[in-house]
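S.K.: This is the structure I want to talk about, given as structure tokens.
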Amino acid sequence: MPANANTPAPRLTLPRWHDLHAHFRQGELLRPLLRAHAAMGCAGILAMPNTVPPVAKVFPGDAAFDCWSIEEYLRMIRDADGGFDDIIVPLYLSENATPEMISAGAKSGLLRACKYYPPRGTTNAEHGRPLDHYMQNGVFEAMAEHGVVLCLHGEEHGLAPENYFDSAANAETFFYRERAPRLAEKFPDLKIAAEHVSTKAAVDFVLQAGENVAASVTPQHLLYTAGHLLQGCKYHLYCLPLLKFDADRAALRAAVTDPRNTKFFAGTDSAPHARKATDCGCAAGCFTGGVAPQLYAMAFEEAGVDLSAPVGQGIFARFLCCNGPAFYDLPVSKETFTLIKEDRNVASLATPDGNIVTLAEGAGLKTLPWRIA
Ligand code: NCD
Ligand code: ZN
């Protein structure tokens, strides 16, 4: 409802938050994408390593294929925008990764996290190896020993289409029922961030696991279901993991809005694609740069949280601003940003690669009910 002179619009002042999963790409795209994140109150970012080439070594030097080091990609990010308190760049796990690389990287302070991609399972994931590879070659053991977080893209790769997205099971449920329990059992000290969880099966796994296991949740998986994507084929809602069913969305909403939630935190998976759909397919990834806190606030309200009341605001702040930094051993920001309950028109982001359509526009919204002050 629009504010009038007698009733000031509700406002929410929060610590600047950490987006603990986002894609900033490379080259000329870096600056506008980083700026869009800074403009939505981010104090810190976890910048995903599926760049071109990928970030698949810790230090500059030889590798089995063309790749950047964490040191190099961190410098590119800082040169493009120096405005973040914390930047984590996970190592893209590939055939390069060895226990020696993990321990040297961790000791240097550069290596804080590693990213598991299911081989060819998503955008730029062709260098990934199956999970078993790192379970057996000492890499996960070294990560556990040095407190390096495993960022998990929890989907089974290579399934037949019939099993990839079935009403009873899908690539993510398979992973969290079959693979993840064995991983957690074999490495009880390994810190695992189950990323962009999209199913009740993943939520259940995270809830029953120890304190070493937490999860990030995106705006799209809290707001929408596969039906939203399919009705009108709104391909800007196409991301991996795919949007799921109402029972899955309900489980995600229950997890993030639970007043005792310490395990679920914000990680947008904002993934820009200037050319999204082609004649023979669609790039996976939803772009939420500039609009993520507004979309998260919308989702919390749809889930029944009253963001004008202190209790609701506390629940939202824990999810957006506190649980993620706590899991990654980062301080909660002492600076603040403010969300105001006022309609704002949605717009695309202009970049040297072309306009990037946000999830909000892609979902058919003309306005967002919150704006950032
Ligand atoms: C991501 C991208 O475009 O880089 N896409 C996506 O659908 N989430 C890759 C990823 O995180 O899976
Ligand atoms: Zn991602």
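The values are calculated or read from the model by the stated rules, or taken from the named source; none is laboratory data. Note that the coordinates shown come from a computational prediction; the quantities given were computed from them, not determined experimentally. Virtual Cβ from ideal backbone geometry, glycine too; neighbours counted across all protein chains shown.
S.K.: Among the residues of segment 82-91, is any crowded, with 17+ Cβ neighbours inside 10 Å, touching a Cys at 6+ places or on another chain (Cβ under 6 Å) and farther than 25 Å from residue 352 by Cα? Spell out the reasoning first.
M.R.: Applying the first criterion (crowded, with 17+ Cβ neighbours inside 10 Å) to segment 82-91 yields 84, 86-91.
Subsequent filtering for residues that are touching a Cys at 6+ places or on another chain (Cβ under 6 Å) retains 90-91.
Now drop any that are not farther than 25 Å from residue 352 by Cα, which leaves 90-91.
Checked against the condition, which is being crowded, with 17+ Cβ neighbours inside 10 Å, touching a Cys at 6+ places or on another chain (Cβ under 6 Å) and farther than 25 Å from residue 352 by Cα, segment 82-91 yields at least one hit.
S.K.: Would you say residue 283 is farther than 17 Å from residue 40 by Cα and either among the hydroxyl-bearing types (Ser, Thr, Tyr) or without any contact (Cβ under 8 Å) to a residue 24 or more places away in the chain (or both)?
M.R.: Details: farther than 17 Å from residue 40 by Cα: yes; either among the hydroxyl-bearing types (Ser, Thr, Tyr) or without any contact (Cβ under 8 Å) to a residue 24 or more places away in the chain (or both): no.
Taking the combined requirement at face value, the residue does not satisfy it.
S.K.: Determine whether segment 182-198 contains at least one residue that is among the hydroxyl-bearing types (Ser, Thr, Tyr), under 27 Å from residue 330 (Cα atoms), under 21 Å from the mean Cα position of the chain (by Cα) and within 16 Å of ligand 1 (Cβ to nearest atom).
M.R.: Narrowing segment 182-198 to residues among the hydroxyl-bearing types (Ser, Thr, Tyr): 198.
If we keep only those that are under 27 Å from residue 330 (Cα atoms) too, we end up with 198.
If we keep only those that are under 21 Å from the mean Cα position of the chain (by Cα) too, we end up with 198.
Filter once more, keeping what is within 16 Å of ligand 1 (Cβ to nearest atom): 198.
Yes, the conditions are met somewhere in segment 182-198.
S.K.: Something else: Determine whether residue 287 is within 19 Å of residue 350 (Cα to Cα), hydrophobic (A, V, I, L, M, F, W, C) and crowded, with 22+ Cβ neighbours inside 10 Å. Steps first, please.
M.R.: Details: within 19 Å of residue 350 (Cα to Cα): yes; hydrophobic (A, V, I, L, M, F, W, C): yes; crowded, with 22+ Cβ neighbours inside 10 Å: yes.
So residue 287 fits the description; yes.
S.K.: Being in contact with a strand residue (DSSP E or B) (Cβ under 9 Å, 6 or more places away or on another chain) and among the small types (Gly, Ala, Ser) is the filter; apply it to segment 135-189 and report the residue that is farthest from residue 98 (Cα to Cα).
M.R.: 171
S.K.: Only residues in segment 91-107 that are under 17 Å from residue 191 (Cβ atoms) and part of a loop (DSSP other than H, G, I, E, B) count as the first member; pair them with residues that are of a type in the set (D, E, K, R) and modelled with pLDDT of 95 or more, Cβ under 9 angstrom, at least 6 apart or cross-chain, and list the lot.
M.R.: That search, which allows pairs on different chains as well, returns 93/115; 93/129; 97/57; 97/129.
S.K.: Scan segment 118-135 and tell me whether some residue there is within 21 Å of residue 72 (Cα to Cα), more than 15 Å from ligand 2 (Cβ to nearest atom), among the hydroxyl-bearing types (Ser, Thr, Tyr) and out of contact with any Cys (no Cβ under 8 Å at 6 or more places or on another chain).
M.R.: Within segment 118-135, none of the residues are within 21 Å of residue 72 (Cα to Cα), more than 15 Å from ligand 2 (Cβ to nearest atom), among the hydroxyl-bearing types (Ser, Thr, Tyr) and out of contact with any Cys (no Cβ under 8 Å at 6 or more places or on another chain).
S.K.: Hey, can you tell me all the residues within segment 152-181 that are farther than 15 Å from residue 248 by Cα and free of Cβ contacts under 8 Å to residues at least 12 places away in the same chain?
M.R.: Result: 160, 161, 162, 163, 164.
S.K.: Which pairs turn up if I take residues in segment 230-245 that are within 12 Å of ligand 1 (Cβ to nearest atom) and look for partners that are of a type in the set (Lys, Arg) with beta carbon separation below 8 Å, at least 6 apart in sequence or on another chain?
M.R.: That search, which allows pairs on different chains as well, returns 235/276; 236/276; 238/276.
S.K.: Hey, any hits in segment 310-330 for a residue that's touching a Cys at 6+ places or on another chain (Cβ under 9 Å) and at negative phi? If you could, list the steps in order and put the result at the bottom.
M.R.: Narrowing segment 310-330 to residues touching a Cys at 6+ places or on another chain (Cβ under 9 Å): none.
No, because not a single residue in segment 310-330 is touching a Cys at 6+ places or on another chain (Cβ under 9 Å) and at negative phi.
S.K.: With the requirement that a residue be under 20 Å from residue 151 (Cα atoms) and more than 16 Å from ligand 2 (Cβ to nearest atom), what does segment 241-274 give you?
M.R.: Across segment 241-274, the qualifying residues are 252, 255, 256, 261, 262, 263, 264.
S.K.: Let me ask another. Go through 139, 148 for me and flag whichever is at pLDDT 95 or above and within 22 Å of the chain's Cα centre (by Cα).
M.R.: Values: 139 fails: within 22 Å of the chain's Cα centre (by Cα).
That would be 148, the only listed residue that is at pLDDT 95 or above and within 22 Å of the chain's Cα centre (by Cα).
S.K.: While we're looking at this one, here's another question. For segment 78-129, which residues satisfy the criterion of being within 16 Å of ligand 1 (Cβ to nearest atom) and either within 19 Å of residue 42 (Cα to Cα) or among the aliphatic types (A, V, I, L, M) (or both)?
M.R.: Within segment 78-129, 88, 89, 90, 91, 93, 113, 125 meet the criteria.
S.K.: With the condition kept exactly as written, say whether any residue in segment 95-112 is within 16 Å of ligand 2 (Cβ to nearest atom) and either among the basic types (Lys, Arg) or crowded, with 23+ Cβ neighbours inside 10 Å (or both). Steps first, answer last, please.
M.R.: Going residue by residue through segment 95-112, those that are within 16 Å of ligand 2 (Cβ to nearest atom) are none.
Within segment 95-112, none of the residues are within 16 Å of ligand 2 (Cβ to nearest atom) and either among the basic types (Lys, Arg) or crowded, with 23+ Cβ neighbours inside 10 Å (or both).
S.K.: The conditions are (1) modelled with pLDDT under 95; (2) surrounded by fewer than 16 Cβ atoms within 10 Å (Cβ to Cβ); (3) within 22 Å of the chain's Cα centre (by Cα), and residue 123 fails exactly one of them. Which is it?
M.R.: So the condition that residue 123 fails would be (2).
S.K.: Is it the case that segment 64-73 has a residue that's over 23 Å from residue 349 (Cβ atoms), in a helix (DSSP H, G or I) and of a type in the set (Val, Ile, Thr)? Spell out the reasoning first.
M.R.: From segment 64-73, those over 23 Å from residue 349 (Cβ atoms) are 64-72; that's our starting set.
In the following step, the residues that additionally are in a helix (DSSP H, G or I) were identified as 70-72.
Cutting the leftovers down to of a type in the set (Val, Ile, Thr) gives us 70.
Yes: one or more hits.
S.K.: Still on this model: In segment 223-240, which residue that is of a type outside the set (Phe, Trp, Tyr) and within 16 Å of ligand 2 (Cβ to nearest atom) is farthest from the chain's Cα centre (by Cα)?
M.R.: Here is the first cut: in segment 223-240, the residues of a type outside the set (Phe, Trp, Tyr) are 223, 225-234, 236-237, 239-240.
Retained after the next criterion (residues that are within 16 Å of ligand 2 (Cβ to nearest atom)): 236-237, 239-240.
Values: 236: 17, 237: 15, 239: 11, 240: 11 Å.
Residue satisfying both the conditions and the ranking: 236.
S.K.: Exactly one of (1) closer than 14 Å to residue 151 by Cβ; (2) assigned to a loop (DSSP other than H, G, I, E, B); (3) in contact (Cβ under 8 Å) with a residue 40 or more places away in the chain is unmet by residue 115. Its number?
M.R.: Residue 115 satisfies all of (1) closer than 14 Å to residue 151 by Cβ; (2) assigned to a loop (DSSP other than H, G, I, E, B); (3) in contact (Cβ under 8 Å) with a residue 40 or more places away in the chain except (2).
S.K.: Test each condition in (1) of a type outside the set (S, T, N, Q); (2) within 13 Å of ligand 1 (Cβ to nearest atom); (3) under 21 Å from residue 216 (Cα atoms) for residue 144 and report the one that comes out false.
M.R.: It fails just one condition, (2).
S.K.: Hey, does segment 83-90 have a residue that's charged (D, E, K, R), part of a loop (DSSP other than H, G, I, E, B) and closer than 21 Å to residue 288 by Cβ?
M.R.: First, pick out the residues of segment 83-90 that are charged (D, E, K, R): 85-86.
Checking the rest, the ones that are also part of a loop (DSSP other than H, G, I, E, B) come to 85.
After this cut, where a residue has to be closer than 21 Å to residue 288 by Cβ as well, the list is 85.
Yes, because at least one residue in segment 83-90 is charged (D, E, K, R), part of a loop (DSSP other than H, G, I, E, B) and closer than 21 Å to residue 288 by Cβ.
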